[in-house]
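**Student:** The structure's right below; bear with me while I get my questions together.
The values are calculated or read from the model by the stated rules, or taken from the named source; none is laboratory data. This one's a predicted model, so the numbers in the text were calculated from it and none came from an experiment. Cβ: placed from backbone, ideal geometry, glycine included. Neighbour counts: every protein chain shown. Ligands, DNA and RNA are excluded from the accessible area calculation, which covers all protein heavy atoms including side chains. Shrake-Rupley method; radii C 1.70, N 1.55, O 1.52, S 1.80 Å.
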Amino acid sequence: MDEEKWEIVRQFLDYLEKERHYSPHTVKAYGNDLHRFVEFLEVPDFSRVDRNVVTKFLSEELIKKGYEKHSRDGKTIKKGYDSRSIARKVATLKSFFKYLLRAEIIPVNPISSLRIPRTSKKLPDYLERKVVEELLKMPIDRPLKNRKSWEAERDKAILEIFYSTGMRLNELVTLSMDDMDMSGNLVKVTGKGGRERIIPFGDTAKKAVLAYLAKSGRSDTGRKGKVTSHGASPGDPLFISSSGKRISARTIDDRLRRYFRKLSGSTGFSPHRLRHTFATHLLDAGMDIRAVKELLGHASLSTTQGYTHLQVEQMKKVFDQAHPHA
């Protein structure tokens, strides 16, 4: 019977990936949550699960993480718990049981009325313009050791495209040669849910991409400004690894973190910070928030509005520093 439950979970994760087009990161997170849930269950099948079982599972998850822990000398240390983790677990289970009901695996949804806990929104972190300018120079001025010259040009192009478009890491990884319109300075991006959008990019990013393609021997600009590689199809990946295959998100994440560490000595960086930086800098320059929403590919304006909160916090900080009566 357990094997049957695992098979249903696998089908659900496959549905999220192939039909709902969830990112690999999200599918993995849902899979981890459901793995813990199935391990917890003592009932033979999902139709026996009721609301009490789910709330007991969530309560035990909190206890395992612990609101407090004991140090070696026996003292109790308060330990905060990330409310977003529990909110995600609830969201996972609600999505899973909706799927079970639609698939007629269960007769009723036992947690249809269970609410997702409200969480405090973390303000997106971003980089100051001076830091961005220094970071963009890193691949050429201070390249990583044991890397070919074309790889340095590739890393430079990746950084420039990130900052010029604000696209997500997974969106950049999946770019193909024919997604780039070099004459029009436009790139076609496939975002969450398989939604496509067109994003403009600047001449600086264009120059970096062309330099990378030239250095790697892939610099043909064909009809309508589409970039094609020598002896390859237009659907080939734009950014490749040293082995010639599509570069992975993990490789990009590792490279960019290492450049930032060389720049600042800090590890507090992720490719997503460039996305936040892109949005913040555009809003600072006066771009309409709805236009920024479209560029970022947000489904809801409320998501984009998080960046306006960031601006308010920044203005308050400047006011406190500058105003004599602050």
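**Student:** Name every residue in the stretch 11-32 that is among the hydrophobic types (A, V, I, L, M, F, W, C) and more than 14 Å from L100 (Cα to Cα), in order of residue number.
**Tutor:** Once the filter is applied, which keeps residues that are among the hydrophobic types (A, V, I, L, M, F, W, C) and more than 14 Å from L100 (Cα to Cα), the stretch 11-32 yields V27, A29.
**Student:** Tell me, which helices (runs of 4 or more DSSP H) lie completely within the stretch 277-326 with 2 or more residues that are at pLDDT 75 or above and touching a Leu at 6+ places or on another chain (Cβ under 8 Å)? Give the derivation first.
**Tutor:** Numbers: elements: 289-296, 301-304, 306-322.
Because the criterion is at least 2 residues that are at pLDDT 75 or above and touching a Leu at 6+ places or on another chain (Cβ under 8 Å), the helices (runs of 4 or more DSSP H) in the stretch 277-326 that meet it are 289-296.
**Student:** What are the residue pairs meeting all of these: first residue in the stretch 155-171, first residue touching a residue at least 24 places away in the same chain (Cβ under 8 Å), second residue charged (D, E, K, R) and open to solvent by less than 10 Å² (accessible area, probe 1.4 Å), Cβ atoms under 6 Å, and 6 or more apart or on different chains?
**Tutor:** From the stretch 155-171, the pairs are G166/R275.
**Student:** Considering only residues of the stretch 177-216 that are within 19 Å of the chain's Cα centre (by Cα) and surrounded by 17 or more Cβ atoms within 10 Å (Cβ to Cβ), which is nearest to P24 (Cα to Cα)?
**Tutor:** Among those that are within 19 Å of the chain's Cα centre (by Cα) and surrounded by 17 or more Cβ atoms within 10 Å (Cβ to Cβ), it is G191.
**Student:** Tally up the residues in the stretch 143-176 that are open to solvent by 10 Å² or more (accessible area, probe 1.4 Å), of a type outside the set (S, T, Y) and in contact with a strand residue (DSSP E or B) (Cβ under 8 Å, 6 or more places away or on another chain), please.
**Tutor:** Here the count works out to 1.
**Student:** Which one of P44, P110 is open to solvent by less than 40 Å² (accessible area, probe 1.4 Å), of a type outside the set (A, V, I, L, M, F, W, C), at pLDDT 85 or above and part of a loop (DSSP other than H, G, I, E, B)?
**Tutor:** P110
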